[in-house]
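A short reminder: the numbers here are calculations on the coordinates, not readings from a lab. Just so you know, these numbers come straight off a predicted model, no measurement behind them. Quick reminder, even Gly has a Cβ in these numbers, built from the backbone with ideal geometry, and neighbours come from all protein chains shown.
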Amino acid sequence: MSQFIDRRPNGKNKSAVNRHKFIRRYKNQIKKAVSDAIAERSITDLDRGEKINIPAKDISEPVIHHGPGGHRETVHPGNTDFVTGDRLARPQGGSGGAGGGKASNSGEGMDDFVFQISREEFLDLFFEDLELPDLIKTQLQKLMREKTVRAGYTSDGVPTNINIIRSLKGALSRRIALRSPLQNQLREAEEELDALRLINDEDSARASALREKIAHLKTRIKAVPFIDTFDLRYNNRVKQPYPSSQAVMFCLMDVSGSMDQAKKDIAKRFFTLLYFFLTGTYDHIDLVFIRHHTIAKEVDENEFFYSRETGGTVVSSALKLMEEIIDKRYSPTEWNIYAAQASDGDNWSDDSPLCKELLIKSIMPRTQYYAYIEITEDTPRGLWREFQGVKKVHSNFAMQRIEKVADIFPVFRKLFKKKVA
Amino acid sequence: MNAKTLPYTSEWTHDLLQRYDEEIAKIAAEYKLDTYPNQIEIISAEQMMDAYSSVGMPVGYHHWSFGKQFLSVEQRYKRGQMGLAYEIVINSNPCIAYLMEENSMTMQALVIAHAAYGHNSFFKGNYLFRTWTNPDSIIDYLVFAKKYVAECERRHGEEEVELILDSCHALMNYGVDRYKRPPRLSAQEERMRQREREEFLQSQVNDLWRTLPRADNAADAAKLAQFPAEPQENMLYFIEKNAPLLEPWQRELVRIVRKIAQYFYPQRQTQVMNEGWATFWHYTILNTLYDRGLVSDGFMIEFLKTHTNVVYQPPYNSQYYSGINPYALGFAMMSDIRRICEHPSEEDHHWFPELAGTDWVVSLDFAMRNFKDESFIAQYLSPKLIRDFKLFSVLDDDTESHMEISAIHDEAGYRQVRRILASQYNLSVREPNIQIYNVNLRGDRSLTLRHTQHNRQPLADDIDEIMRHFVRLWGFTVKLESVAEDGTVEVTHECEREH
């Protein structure tokens, strides 16, 4: 008698450990695939798995076996027209035919090893280059917005807020409370009067006193008002602060001739990193791409990263455009504003003080965080010095000089420092 | 449709599985199939992929290569490039067979007959499995192995463990015993032998010889230095016992890989027979069910469609051809043995006089028990099958400009085709003959491997990598000598320890 066991409820991820080991082992190849993928994908689109290609020979497991050559005789099925002694040319490259069986033996012509990594694995690898500490809890400060919420009832307010049910309930209980002792007295008086009537003693002094009392009580009962200002209850609404869950991220980049594609790729990682951290905190994020040389322009992502222009550099043009866009579309009371700027440090020398002014006066007070990276190996120039001035005034301004991808992270370190209350 | 017919639905239920199994068990018993008790487990497709990637071991230690396997299976399955096997069966007692939940009722019945009665009886009956595997304890051993490897990873680090396992995997096919070692001598036997030797020596003592001058025994010294005394083919065993620098836990890892290799050793030599046997029995059992009116026409149509797909052999010039399909060849040979027993032709009387006209159940059982692929084909491949498959042999010699058709399915070629096909399944022909030949005990401890060439076939390129793995395990220089057909020996590879 066979025994049947239903194993389906058991976990299915028995291979997870092995899979993980594999990925760890081939991290370099996989990482290369990941960085290729980053170049191809949009910032907002990085958040999913990726197909990875590894040449099969890189991950083959060697076993001892024969190579091609020597004297060998093999049997195949399905003879159609061969007779003993026929001579035939060797098939080339194991493309089917009689040589088919050997092709796989010699390990030639095998395809690349292709597989899919998950979103988490992808992100891990993506962030690895940036040398992030393992457990970063984002401590982003959020813009506080207010909203009114119900908060019970109050005894005064404006007539539009009167809560009728509550008010009438109050009135009813007040009426009951005020009337019931009078009503008890009234009932007693009437009973006594009835008793006097039975013994025909209606004309006595006692009876007339009772009649008087009854009339008095009835007036008093009547005098209890149906509704009183005392009964009125108003819906109470209070304003509660809550963090805004929408953010806008401005990406500013210098696209003058001196920014080559390698620098732009570093910038892209930098922008992506900021975007990722924001996604952890905000439900809704708008991206605004502003590129500039001597004039600034709002563009879409593709154009932002992959089109080239030449010419001089006027950074303030981008800042002005950013300011305009904030005014027009992103009110600081509703949006958390973040900005990331990448540049190679070139600017017209007259323009740099203007940038500082713009930042300190207009932009910094309205943004949560402003990160500036300078991708260059040269010595700092005017723009850098002016921006240092901004940093002194506003603590939420971060700046960093970057030569390679690994330098990006320190810019963010500040951002995730726990805010001490 | 009569009353006892089993219901035919595409959805299976636990109740139906039981009823089908009962009927199949009855018929299997009538055909005298001797099986281990069955433990049939229902699993999902994901679990099947898990089982796949651990080469069918129900519990396996963790290693990246299984992860690689899993990723590729998963990828191909998701893209629809491959269906999963309908079943996996494990040579254990009780015999564990996995059924996939996606299978229809017909498929489940097929799989039960195929795995739980076909493969199961083969595991229990075939001499290779009886000699080399221990189905009672394999699961326990695998559990032990998994825990041990995990423990080593914890203590010595995953990388360290991985290094050893990688190297062992590279030599896995050379980690099996092909012959039983003689049992250990008991202390008493040892004493007895020693006494015998003493008596013998005593009887040979002749004082006269002592005074003869001795010849200089340089040759003897060389012989003495030879270690191991005889070439060793089980490399992992040799390493486990003799590698100078391995830590005890590393030896244990070598042993684990070796034991698992040994467990799979019979399977590698009985593909055609094992699959042929199981396929023959699912075919025979389900047909018997049908003959007795237990299953409906619809059931049979669905079953036959799957069955025909399984036993299809594409011809050599088809784009689907990738060698001989073991299911097709095995099934055809098993069916052919039955045919020879029941309805022998003139030719069969001539070729198989001892088989023609005997009880097919007994003859088939005998064939299953006492052969492996190589000997099975050499013994039972009939001229009729060679004609049916239109087998022909191609001679490819790299000293010739052309390949030659050396034999086809005709009177002159039958024996040659059969001989060549049989040797194609001979592991010792398929795998290069490499043995541990010598260790330089008094010098640099270098180890010499000796490859004895067969038909001038060279080793594949990745031998370099294998040598590095070998050095990692041995700890000192490893050399590889090649012995050509004419007896000349030359050192072809040498790999030193990295410092």
Say the dipole of segment B:311-428 comes from +1 at the beta carbon of Lys and Arg and -1 at that of Asp and Glu; which of B:382, B:341, B:408 then lies farthest toward its positive end? B:341
With a point put 7 Å past each Cα toward its Cβ, work out how far residue A:28 is from residue A:237 in nm, to one decimal. 6.5
Calculate one ³J(HN,Hα) per residue across segment B:139-151 by plugging θ = phi - 60° into the Karplus curve 6.51 cos²θ - 1.76 cosθ + 1.60, and present them in order as whole Hz with x for glycine and proline. 4, 4, 5, 5, 4, 4, 4, 4, 5, 5, 4, 4, 5
If you average over every viewing direction, what projected area does the convex hull of the Cα atoms of segment B:252-351 give, in nm²? 10.9
Using only Cα atoms and rounding to the nearest 10 degrees, what angle (0 to 90) does helix B:271-291 make with the longest principal axis of chain B? 20
Which residues does the label zone of residue B:154 cover in segment B:224-256, counting backbone N under 20 Å from a point 7 Å along Cα→Cβ? B:248-254, B:256
As I understand it, the value is the acute angle between the Cα axis of helix B:463-474 and the longest principal axis of the Cα atoms of chain B; what does it come to in degrees, rounded to 10? 60
Taking K and R as +1 and D and E as -1, what net charge do the other residues with C-beta under 10 Å from the C-beta of residue B:265 add up to? +1
Sum -39500 (n - 2.57) across every DSSP H segment of at least 4 residues in the protein assembly as shown, then divide by the residue count to get the 222 nm mean residue ellipticity, nearest 500. -14500 deg cm²/dmol
How much of the calculated P(r) for segment B:14-126 lies past 26 Å, in percent of all Cα pairs? 23
Between segment A:329-349 and segment B:291-353, what's the alpha-carbon centroid distance in Å? 76
Given the protein assembly as shown, what whole percent of its Cα pairs are spread farther than 47 Å? 53
If the chain between residue B:200 and residue B:416 were fully extended at 0.36 nm per residue, the gain over the current Cα-Cα distance would be 72.6 nm
Other protein chain Cβ atoms within 10 Å, averaged over every residue that makes up B:403-415: 4
Would you work out the relative contact order for chain B, in percent, from Cα pairs under 8 angstrom that are 6 or more residues apart? 15
What ranking of A:83, A:63, B:257 emerges when the number of other C-beta atoms within 10 Å of each C-beta is taken as an exposure proxy, fewest first? A:83, A:63, B:257
Taking amide H atoms as placed 1.01 Å from N in the peptide plane, list the residues 5 or more away in sequence, or in a different chain, whose amide H sits under 5 Å from that of residue A:286. A:247, A:248, A:249
Once you order the gyration tensor axes a ≥ b ≥ c over the Cα atoms, which shape class does segment A:276-370 get: rounded for a/c under 1.5, otherwise prolate or oblate by comparing a/b with b/c? oblate
Kindly state, to the nearest 0.05, the FRET efficiency for residue B:147 paired with residue A:6, given R0 = 25 Å and r defined as their beta-carbon distance. 0.45
Expressed as a whole number, the average count of other chain Cβ atoms within 10 Å around the Cβ atoms of B:452-465 is 5
Please grab the % of Cα pairs in chain B that end up more than 32 Å from each other. 55
Once Lys and Arg get +1 and Asp and Glu get -1 on their Cβ, which of B:467, B:484, B:454 lies farthest toward the positive end of the dipole of segment B:432-495? B:467
Other-chain or far-sequence residues with amide H under 5 Å of residue A:6's (modelled H): B:42
How would you rank B:360, B:277, going from fewest to most other Cβ atoms within 10 Å of each one's own Cβ? B:360, B:277
If I model a spin label as a point 7 Å beyond the Cα along the Cα-Cβ vector, how far apart are those points for residue A:148 and residue A:88 in nm? 9.1
For chain B, take the longest principal axis of its alpha carbons; what is the angle in degrees between that and the long axis of helix B:158-170, to the nearest 10 within 0 to 90? 80
Over what distance in Å are the Cα centres of segment B:371-442 and segment A:160-180 separated? 106
Assertion target for B:282, B:14, ordered by fewest C-beta neighbours within 10 angstrom first, is B:14, B:282
What full-extension length gain, to one decimal in nm, is calculated for residue B:290 and residue B:45 as 0.36 nm per residue of separation minus the Cα-Cα distance? 85.2 nm
What FRET efficiency comes out for the pair residue B:304/residue A:80, r = Cβ-Cβ distance, R0 = 41 Å, nearest 0.05? 0.90
Where the convex hull is taken over the Cα atoms of segment B:353-394, what is its projected area averaged over directions, in nm²? 3.7
Sorted largest first, the C-alpha extents of segment B:322-407 along its principal axes in whole angstrom are 50, 27, 19
At each listed q (0.18, 0.20, 0.30 Å⁻¹), what is the log10 of I(q)/I(0) that the Debye formula gives for segment A:290-345 modelled as equal alpha-carbon point scatterers? -0.67, -0.80, -1.34
5 angstrom amide H check on residue A:26, placed H, neighbours 5+ away: none
Using the per-residue mean of other Cβ atoms lying within 10 Å as a proxy for protection, in what order, highest first, do the peptides B:330-340, B:41-51 fall? B:330-340, B:41-51
Could you please tell me the mean projected area of the C-alpha convex hull for segment A:159-236, averaged over all directions and given in square nanometres to one decimal? 5.7
Residue-ordered couplings for segment B:346-354, obtained by feeding phi - 60° into the Karplus form 6.51 cos²θ - 1.76 cosθ + 1.60 and rounding to whole Hz (Gly and Pro as x), are 4, 4, 5, 4, 6, 7, 10, x, 7
Backbone HN-Hα couplings from phi across segment A:392-400 [Karplus 6.51/-1.76/1.60, Hz, Gly and Pro as x]: 5, 7, 10, 6, 8, 10, 10, 9, 8
Give the average, rounded to an integer, of partner chain Cβ atoms located within 10 angstrom of each Cβ in B:316-328. 5
Here D for segment B:294-335, in µm²/s, from Stokes-Einstein with a Kirkwood Rh over Cα pairs at 4 °C and 1.567 mPa s, works out to 111
